[in-house]
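Single-structure report; data block below.
Any read-out appearing in this document is the output of simple, stated calculations on the displayed coordinates, not a laboratory observation. Remember, it's a predicted structure, so these values are computed and weren't measured experimentally. Virtual Cβ from ideal backbone geometry, glycine too; neighbours counted across all protein chains shown.
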């Protein structure tokens with residue numbers, strides 16, 4: 001039985017799945033991340049603080065941006081999500 005021929009060309013890069021889950025790219029190309037501290041021990045935290053934890057923060061620093069793009073090379077820009085409230089209304 002003959003061996004399979006190796007595919008010529010560039011290698012496929014593996015995505016670091018934990019990085020891909022923590023970061024995303026906005027439609028304008030910014031890299032954003034979620035805040036930590038949202039999983040447990042939140043009973044004594046104020047509602048305002050919990051609400052502030054839901055925000056996505058743009059990543060500061062080019063070194064971190066480079067590292068994230070190296071770990072998750074196929075992160076693409078997210079397509080803008082359509083507003084569900086304006087689904088049946090005509091454009092003004």
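Residues of the range 57-68 that are within 16 Å of residue 28 (Cα to Cα) and free of Cβ contacts under 8 Å to residues at least 12 places away in the same chain: 60 alone. Candidates in the range 22-48 are the residues that are surrounded by 11 or more Cβ atoms within 10 Å (Cβ to Cβ) and more than 15 Å from residue 64 (Cα to Cα); of these, the one that is farthest from the chain's Cα centre (by Cα) is 45.
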